[in-house]
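If you scroll down you'll find the structure; I have some questions about it.
The values are calculated or read from the model by the stated rules, or taken from the named source; none is laboratory data. Treat the numbers as computed from the prediction; the structure is a model and nothing was measured. Note that we place each Cβ from the backbone using ideal geometry, even for glycine, and neighbour counts take in every protein chain shown. The protein model used for the area step is the full one, side chains on, heavy atoms only, and it has no ligands, DNA or RNA in it. Shrake-Rupley method; radii C 1.70, N 1.55, O 1.52, S 1.80 Å.
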Amino acid sequence: MTRALVTGIGGQDGSYLAERLVADGVEVHALVLGADSRPAHCPDEVTLHVGDVADVGATRRLVLDLAPDEVYNLAAISSVAQSWQEPDLVSRVNGSAPVALLESARRLQERGHDVRVVQASSAEIFGEPDRTPQDEDTRIRPLNPYGAAKAYAHLAVGVSRQRGLHASSMVLYNHESPRRPAQFVTRKITSTVAAIARGEADRLVLGNLDARRDWGWAPDYVDAMVRAARADTPRDYVVATGESHTVGDFVAAAFAAAGVADWRPLVHTDPAFVRPADATELVGDPSLAHALLGWRPSVGFTEVVARMVAADLDA
Ligand code: GDP
């Protein structure tokens with residue numbers, strides 16, 4: 001039986017990954033920050049270990065004692081906005097902790113136990129890219145503390161690979177679902193639009209409506225991670241749909257899905273939601289993941305929006 005260690009199981013991707021691995025018959029262990037309760041959507045089959053991924057010593061002991069066959073590092077401060085408030089914390093959790101985890105896996109391997117590591121990286125490592133779409137060879141030039149920390153971890157995966165570790169870094173573009181927290185623009189939009197449709201809110205206030213993102217369906221991105229762990233050769237992959245839309249497009253699609261007409265006067269912009277530095281367009285080229293992992297996104301933009309709106313209308 002395959003044994004996996006997942007960090008960040010409390011997040012959107014962690015929950016989908018745990019469900020997926022349990023369904024595959026994998027013995028799943030997860031590192032969680034607090035012992036108080038099971039994270040949302042965490043299957044009962046998952047064994048929880050309390051600890052902080054940034055606590056290098058404790059995490060190393062866990063990796064060496066547990067001897068997992070697969071390690072998925074999803075633990076991260078996931079908000080670009082928060083990285084401007086707490087850059088030091090973000091650099092520890094998103095940068096140094098993955099580097100320590102890679103080293104723990106390498107030591108496990110040195111003891112004769114084969115292990116495969118998958119790092120959840122981010123399109124934010126490209127910052128304001130000089131080519132569209134971006135691929136695995138696009139220059140790494142982050143624009144914010146979040147992207148800088150993710151870039152450090154991403155490069156460290158390559159370094160570990162050169163030292164013989166089966167480690168892959170997944171350059172994930174925005175991926176959404178009803179489990180996306182409301183600090184992300186997509187869920188902010190769908191939850192507010194649902195509230196407007198129910199007569200419980202009368203305005204949607206956003207920042208830059210012209211920012212373009214490549215929005216996919218989160219469970220598809222988790223599937224790419226599993227495929228990378230199981231592939232013969234480790235490497236870095238861009239995981240994206242290849243299609244970009246503006247925040248404004250997302251707003252229009254959400255109101256359409258909720259059946260709200262005449263919504264334009266309800267949408268306002270506030271400079272408070274505009275970021276100090278923000279990529280205006282991020283869109284990925286997933287050709288390599290398609291060719292080498294047989295991976296393709298299964299849910300398109302309009303359907304992602306419709307599923308999120310439907311879930312928020314039901315809530
Ligand atoms: P990110 O791409 O990982 O930072 O994901 P977000 O969902 O937080 O932001 C996506 C894009 O939406 C960025 O370009 C934001 O600047 C833009 N955006 C516009 N208005 C808002 C808003 O009110 N909240 C958030 N979170 N983002 C916004």
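About the Cα centre, and with charges only on the beta carbon of Lys, Arg (+1) and Asp, Glu (-1), how big is the dipole of the chain? Nearest 20 debye, please.
480 debye
Mind checking the dipole of segment 218-265: about its Cα centre, +1 per Lys or Arg Cβ, -1 per Asp or Glu Cβ, Debye to the nearest 20?
80 debye
State, to one decimal in nm, how far the label point of Ala261 lies from the label point of Ala182, with both points 7 Å from Cα in the Cβ direction.
Label-label distance for Ala261 and Ala182, simple model: 2.9 nm.
Further question: For the pair Asp65 and Ala40, how long in nm is the line joining their label points, each one 7 Å along Cα→Cβ?
3.0 nm
Rounded to the nearest percent, how much of the accessible area of segment 131-269 (1.4 Å probe, protein heavy atoms only) is carbon and sulfur?
47 percent
Rank these by accessible area, largest first, 1.4 Å probe: Tyr221, Tyr146.
Order by accessible area, largest first: Tyr146, Tyr221.
Quickly rank 113-122, 205-214, 271-280, 100-109 as a protection proxy: mean count of other C-beta atoms within 10 Å, highest first.
Packing order, densest peptide first, comes out as 113-122, 100-109, 205-214, 271-280.
Could you state the accessible area per residue of the chain in Å², with a 1.4 Å probe and every protein chain left in place?
43 Å²
Same structure again: Over 38 Å apart: what share of the alpha carbon pairs of the chain falls there, rounded to a whole percent?
12 percent
If you don't mind, another one. What number, rounded to the nearest 500 deg cm²/dmol, is the helix-based mean residue ellipticity at 222 nm of the chain, given -39500 (n - 2.57) per DSSP H run of at least four residues and division by all its residues?
-12000 deg cm²/dmol
Give me the base-10 log of I(q)/I(0) for segment 179-315 at each q in 0.13, 0.19, 0.20, 0.21 Å⁻¹, Debye formula, one uniform scatterer per Cα, rounded to two decimals.
-0.61, -1.08, -1.15, -1.23
Does anything in segment 28-48 have its amide N under 12 Å from the 7 Å Cα→Cβ label point of Thr2, and if so which residues?
Backbone N within reach: 28.
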